[in-house]
Amino acid sequence: MRDTIGNNNSDLTEMNRSAVVKILQQREVCSRADISKQMGLTQASITKIVAALMEMGIVSEVGSIKGSGNRRSIGLKLNADQHQIIGVKFARHMFAVGVFDISGKIYTQTETEYPLEQDQRSVLSAMKEQIHDTLKNYKNVVAIGLAVPGPYLRAEGRIAVVTQMPAWHNINFIKEFKEEFNKPLFIEQDANAGAMAEWWFGDYARPLHTLAYFLVGEGVGSGIIDRGNLLLGAQGTASEIGHISVDARGPRCECGNYGCLELYCSAPMMLKMAEQRVPECFSKDHKQRSNACNAVFEAARGGNKKALELVREIAEYIGYGCVILINSYNPDIIVIGDSVSKGGDLLLPTIQEVVKQRTISELHDRVQIKISSLQVDPTLYGAAAIATDRVLQMPSAFLAVKE
Ligand SMILES: [Zn+2]
């Protein structure tokens with residue numbers, strides 16, 4: 001992402017290469033004629049761009065495919081498996097490290113839980129060790145993506161408010177991680193990362209103009225992708241909807257505001273309410289945090305009235321969040337993800353009802369509201385997607401196979 005507005009010829013060449021690589025990333029196999037049609041460039045230009053990408057080992061030919069008008073043409077594909085990306089999710093209670101290729105295929109993933117009160121240095125060391133171990137096992141890693149809870153101040157490398165973990169406020173993630181590894185490393189806030197994962201790897205009708213990813217987990221936030229670009233704001237903390245008041249006279253939040261959305265539908269809030277109102281739904285198996293939200297949903301699915309009522313309340317607040325997203329960003333699609341979204345079928349009818357009651361019909365008729373269907377945690381996948389996005393923006397710099 002550049003801040004300048006001019007383009008030199010070399011920038012334009014790289015932008016066109018990037019556009020071709022992105023089309024191949026999305027379509028797996030296609031012909032030069034297909035790419036030429038999609039990009040609005042002449043076939044001669046595409047032939048030249050593809051030749052350069054083949055020379056660099058980024059793209060290769062894969063026999064003949066059926067093109068338009070039943071004509072056979074040579075298929076092209078991205079050499080995705082030659083370039084791996086490490087995705088790292090840092091979250092409250094846990095961190096995860098995964099290896100993906102640039103087409104989004106997952107190779108491996110590990111998850112480590114830690115108690116909230118554990119000192120930061122030991123958590124950071126454990127994360128770094130895990131990444132170093134992964135780098136030893138995978139030799140073709142081209143970049144690392146790290147997703148952290150928001151609001152994350154991109155230029156400073158710090159998280160402005162980490163609710164429940166105030167001590168992490170002073171950790172400079174850029175300093176900690178960029179100097180540690182001899183690889184390009186990109187850091188982004190978790191909801192932005194999730195949005196990028198949905199944009200790159202989500203299974204939705206395309207073209208999409210604006211995608212909103214609504215993270216409802218340990219924290220609450222959103223990430224907006226508009227025509228392929230992440231909406232960042234001045235410091236990178238745009239669309240931080242978890243800290244918008246849904247009750248201006250509500251309780252004080254750690255961010256300074258009152259009645260923030262995060263205080264009503266995050267996983268910790270849901271679990272706190274469940275412990276008071278439906279304690280019978282927790283067993284020993286639910287000690288692990290990742291299972292705790294599911295325990296409440298299971299009880300609701302089993303017909304426990306108090307659990308159903310609680311889940312409906314949570315869904316109402318998620319609905320208010322969707323109303324904020326619709327009025328702020330006019331998305332084609334809102335994708336809800338993270339631990340609270342696991343209640344999918346229990347949540348969606350109430351969310352739809354709230355949205356229908358509280359938004360202009362022309363807007364709510366057009367917006368699709370879905371639960372994330374990604375098979376991998378969207379934040380972890382998103383950490384990889386952020387790095388993939390940056391790598392694909394400059395294919396010659398990151399992907400050229402060096403002899
Ligand atoms: Zn707040």
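May I ask you to say which residue of 335, 354, 391 is in the same structural domain as residue 301 (by TED's automatic domain parsing), aliphatic (A, V, I, L, M) and assigned to a helix (DSSP H, G or I)? Show your work before the answer.
Values: 335 fails: assigned to a helix (DSSP H, G or I); 391 fails: in the same structural domain as residue 301 (by TED's automatic domain parsing).
Unique residue meeting the criteria: 354.
Which residues, counting only those in region 90-117, are among the polar types (S, T, N, Q) and in contact (Cβ under 8 Å) with a residue 40 or more places away in the chain?
Listed by number, the residues that qualify are 103, 109.
Which one of these does residue 317 not meet: (1) in a helix (DSSP H, G or I); (2) more than 16 Å from the ligand (Cβ to nearest atom)?
Only one criterion in (1) in a helix (DSSP H, G or I); (2) more than 16 Å from the ligand (Cβ to nearest atom) is unmet by residue 317, namely (2).
Which residues, taken from region 179-189, are under 23 Å from residue 238 (Cβ atoms) and away from the ligand (no atom under 16 Å from the Cβ)?
Selection gives 185, 186, 187, 188.
If residue 252 meets every condition in (1) within 16 Å of the ligand (Cβ to nearest atom); (2) more than 20 Å from residue 379 (Cβ to Cβ); (3) under 27 Å from the mean Cα position of the chain (by Cα) apart from one, which number is that one?
Checking residue 252 against (1) within 16 Å of the ligand (Cβ to nearest atom); (2) more than 20 Å from residue 379 (Cβ to Cβ); (3) under 27 Å from the mean Cα position of the chain (by Cα), the one that fails is (3).
Give the residues of region 333-379 that are among the acidic types (Asp, Glu) and at pLDDT below 95, sorted by residue number.
338, 345, 362, 365, 377, listed by residue number.
Go through region 19-33 and report how many residues are over 17 Å from residue 390 (Cβ atoms) and surrounded by fewer than 19 Cβ atoms within 10 Å (Cβ to Cβ).
Number satisfying all stated conditions: 5.
Does any residue of region 267-275 turn out to be touching an Asp or Glu at 6+ places or on another chain (Cβ under 7 Å) and either closer than 30 Å to residue 386 by Cα or assigned to a loop (DSSP other than H, G, I, E, B) (or both)?
Yes: one or more hits.
Tell me, which residue of region 257-277 that is at pLDDT below 95 and either near the ligand (Cβ under 9 Å from one of its atoms) or of a type in the set (D, E, K, R) (or both) is nearest to residue 382 (Cα to Cα)?
Here the answer is 272.
Any idea which residue in region 169-205 is modelled with the lowest pLDDT, counting only those that are assigned to a loop (DSSP other than H, G, I, E, B) and aromatic (Phe, Trp, Tyr)?
Step by step, filter region 169-205, then rank; the result is 204.
Is it the case that residue 377 is crowded, with 21+ Cβ neighbours inside 10 Å and on the phi > 0 side of the Ramachandran plot?
Spelling it out, it is not the case that residue 377 is crowded, with 21+ Cβ neighbours inside 10 Å and on the phi > 0 side of the Ramachandran plot.
So for region 113-131 (the condition being acidic (Asp, Glu), within 20 Å of the chain's Cα centre (by Cα) and in a strand (DSSP E or B)), does at least one residue qualify?
Checked against the condition, which is being acidic (Asp, Glu), within 20 Å of the chain's Cα centre (by Cα) and in a strand (DSSP E or B), region 113-131 yields no hits at all.
Taking residue 239 as meeting all but one of (1) more than 9 Å from the ligand (Cβ to nearest atom); (2) out of contact with any strand residue (DSSP E or B) (no Cβ under 8 Å at 6 or more places or on another chain), write down the number of the exception.
Failed condition: (2).
What's the total number of residues in region 312-332 that are in contact with a strand residue (DSSP E or B) (Cβ under 7 Å, 6 or more places away or on another chain) and either among the hydrophobic types (A, V, I, L, M, F, W, C) or not assigned by TED's automatic domain parsing to the domain that holds residue 212 (or both)?
3
Of (1) within 20 Å of residue 282 (Cα to Cα); (2) touching a residue at least 60 places away in the same chain (Cβ under 8 Å), residue 336 satisfies all except one. Which?
(1)
Take the conditions at pLDDT 90 or above, part of a strand (DSSP E or B) and in contact with a Leu (Cβ under 9 Å, 6 or more places away or on another chain) and apply them to residue 225. Does it pass?
So residue 225 passes the test.
Which one of these does residue 362 not meet: (1) within 30 Å of residue 147 (Cα to Cα); (2) in a helix (DSSP H, G or I)?
The one condition residue 362 does not meet is (1).
Looking at the structure I just gave you, is residue 308 over 22 Å from residue 190 (Cβ atoms), in a helix (DSSP H, G or I) and either among the aliphatic types (A, V, I, L, M) or assigned by TED's automatic domain parsing to the domain that holds residue 385 (or both)?
Yes, satisfied.
State yes or no: is residue 166 over 14 Å from the mean Cα position of the chain (by Cα), away from the ligand (no atom under 16 Å from the Cβ) and either surrounded by fewer than 21 Cβ atoms within 10 Å (Cβ to Cβ) or modelled with pLDDT of 90 or more (or both)?
Here the answer is no, as residue 166 does not meet what is asked.
The values are calculated or read from the model by the stated rules, or taken from the named source; none is laboratory data. Model, not experiment: these values are computed from the prediction. Using ideal geometry, Cβ is built from the backbone for each residue, glycine included, and neighbour counts are taken over all protein chains shown.
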